[in-house]
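Below: one structure, written as structure tokens.
The values are calculated or read from the model by the stated rules, or taken from the named source; none is laboratory data. Owing to the predicted nature of the structure, the values given are computational and were not obtained by experimental measurement. Every residue, glycine as well, gets a Cβ built from its backbone with ideal geometry; the counts of neighbours run over all protein chains shown. Just so you know, the surface numbers come from the protein's heavy atoms only, side chains and all, with ligands and any DNA or RNA stripped out. Shrake-Rupley method; radii C 1.70, N 1.55, O 1.52, S 1.80 Å.
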Amino acid sequence: MSVTIKSEREIELMREAGKILAKVHEELGKAIKPGMSTLDIDRMGEEMIRSFGCEPSFKNYQGYPASICVSVNEEVVHGIPSKDRIITEGDIVSLDAGVIYKGYHSDAARTHGVGEISEEARLLIERTRQSFFEGMKYAVAGNHLHEISKAIGDYAESFGYGVVRDLCGHGIGSHLHEDPEIPNFKQFRRGIKLRPGMTLAIEPMIDAGTAEVVWMDDDWTVVTEDLSLSAHYENTIVITEGRPEILTLTESEIAEGIWQTGVESN
Ligand code: MF3
Ligand code: CO
């Protein structure tokens, strides 16, 4: 499959899918409390997704058994919700979710601190999010894909963090995973040229320690090899001639001025 350019109609459906997913993340973020199980979060998320007339895109995707990936502390991504995994004060919890609206996908992830968290954890979450926005400065038509990858990776590595290399972002549209693959670190090739109408899910996964990760025996849960904390931040975006359109932000995230910087084109 090659990288596709979406029509205005397709982008409109993805906008709707994105708005719904942003709302789901906002509500789940408010709901996370010590004492909840990771399965409680999944149930709440699935119910909300369906109440908006969407399907959870992860459910049964390649056999994944839930709607929301819930990854706690040293878990990087793809944690499987369980009634026995109880969230406690001081944890950091990464939630990754996708929805399908009228055949089109959106995909986004957020990492939340539960109650009081360590300064190390707080900075990791904040800088992981910022690494995404560093990438956004280069997400403009005419630039090459790997300028985004480099900007994300260089920013995260400037703090000594490990940038996960075994997992990448991806194109998205009528499928959850489309071409291109989007690494989060410097590449030796420049990658495809970005064009208006490309829809991408960009998702830095950043570790406080080593970049090395291992897969658990459930064949899904990815954890840091040194058990250091890991954070995840993802949005679905559309490339335009100017600043990219980020489809999975809430009104309040936009109003907060999450976007502090312009784009840099060559
Ligand atoms: N955001 C993740 C990704 O893009 C979610 C996939 S999890 C799965 O790969 F359960 F659906 F596999
Ligand atoms: Co994704």
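Among the residues of the stretch 93-110, is any open to solvent by less than 30 Å² (accessible area, probe 1.4 Å) and more than 23 Å from residue 245 (Cβ to Cβ)?
Scanning the stretch 93-110 turns up at least one residue that is open to solvent by less than 30 Å² (accessible area, probe 1.4 Å) and more than 23 Å from residue 245 (Cβ to Cβ).
Being touching a Pro at 6+ places or on another chain (Cβ under 9 Å) and under 23 Å from residue 176 (Cα atoms), is that true of even one residue in the stretch 82-96?
No: the stretch 82-96 contains no residue that is touching a Pro at 6+ places or on another chain (Cβ under 9 Å) and under 23 Å from residue 176 (Cα atoms).
Can you tell me which residue among 141, 151, 201 is at pLDDT 95 or above, over 15 Å from the mean Cα position of the chain (by Cα) and surrounded by 22 or more Cβ atoms within 10 Å (Cβ to Cβ)? Let's see the steps before the verdict.
Numbers: 141 fails: surrounded by 22 or more Cβ atoms within 10 Å (Cβ to Cβ); 201 fails: over 15 Å from the mean Cα position of the chain (by Cα).
Exactly one of 141, 151, 201 is at pLDDT 95 or above, over 15 Å from the mean Cα position of the chain (by Cα) and surrounded by 22 or more Cβ atoms within 10 Å (Cβ to Cβ), namely 151.
Just give me the residues in the stretch 47-72 being open to solvent by 30 Å² or more (accessible area, probe 1.4 Å) and outside any strand (DSSP E or B), in sequence order.
If we filter the stretch 47-72 for residues that are open to solvent by 30 Å² or more (accessible area, probe 1.4 Å), which is where we start, we get 47-48, 50-53, 55, 59-63, 65.
Hits for the stretch 47-72 are 47, 48, 50, 51, 52, 53, 59, 60, 61, 62, 63, 65.
Could you say which residue among 78, 105 is within 12 Å of ligand 2 (Cβ to nearest atom) and within 13 Å of residue 38 (Cβ to Cβ)? Talk me through it step by step, then tell me what you get.
Details: 105 fails: within 13 Å of residue 38 (Cβ to Cβ).
Of the residues listed, the single one that is within 12 Å of ligand 2 (Cβ to nearest atom) and within 13 Å of residue 38 (Cβ to Cβ) is 78.
Quick check on my filter: what residues within the stretch 176-192 are among the charged types (D, E, K, R) and away from ligand 1 (no atom under 13 Å from the Cβ)? Spell out the reasoning first.
Applying the first criterion (among the charged types (D, E, K, R)) to the stretch 176-192 yields 178-179, 181, 186, 189-190.
Residues satisfying the conditions are 179, 186, 189, 190.
For the structure I just gave you, tell me whether residue 81 is at pLDDT 95 or above, under 24 Å from residue 219 (Cα atoms) and either within 15 Å of ligand 1 (Cβ to nearest atom) or part of a loop (DSSP other than H, G, I, E, B) (or both).
Values: at pLDDT 95 or above: yes; under 24 Å from residue 219 (Cα atoms): yes; either within 15 Å of ligand 1 (Cβ to nearest atom) or part of a loop (DSSP other than H, G, I, E, B) (or both): yes.
Yes.
State all residues of the stretch 201-241 that are among the acidic types (Asp, Glu) and free of Cβ contacts under 8 Å to residues at least 12 places away in the same chain; if no residue qualifies, say none.
Narrowing the stretch 201-241 to residues among the acidic types (Asp, Glu): 203, 207, 212, 217-219, 225-226, 234, 241.
Hits for the stretch 201-241 are 217, 219.
Residues of the stretch 209-266 being at pLDDT 95 or above, surrounded by fewer than 17 Cβ atoms within 10 Å (Cβ to Cβ) and among the aliphatic types (A, V, I, L, M), which ones?
214, 216, 227
Taking residue 111 as meeting all but one of (1) polar (S, T, N, Q); (2) over 23 Å from residue 228 (Cα atoms); (3) touching a residue at least 60 places away in the same chain (Cβ under 8 Å), write down the number of the exception.
Among (1) polar (S, T, N, Q); (2) over 23 Å from residue 228 (Cα atoms); (3) touching a residue at least 60 places away in the same chain (Cβ under 8 Å), the lone unmet condition for residue 111 is (2).
Restricting the search to the stretch 73-92, which residues are of a type outside the set (Asp, Glu) and open to solvent by 20 Å² or more (accessible area, probe 1.4 Å)?
Our first condition is that a residue be of a type outside the set (Asp, Glu); within the stretch 73-92, this holds for 73, 76-83, 85-88, 90, 92.
Residues satisfying the conditions are 73, 78, 80, 82, 83, 85, 86, 88, 90.
Here is a list of conditions, (1) away from ligand 1 (no atom under 13 Å from the Cβ); (2) of a type in the set (Gly, Ala, Ser); (3) open to solvent by less than 50 Å² (accessible area, probe 1.4 Å), and residue 115 meets all of them except one; can you say which number that is?
Failed condition: (3).
For the stretch 199-229, name all the residues that are within 16 Å of ligand 1 (Cβ to nearest atom) and hydrophobic (A, V, I, L, M, F, W, C).
Going residue by residue through the stretch 199-229, those that are within 16 Å of ligand 1 (Cβ to nearest atom) are 199-206, 213, 215-216, 218-223.
Within the stretch 199-229, 200, 201, 202, 205, 206, 213, 215, 216, 220, 222, 223 qualify.
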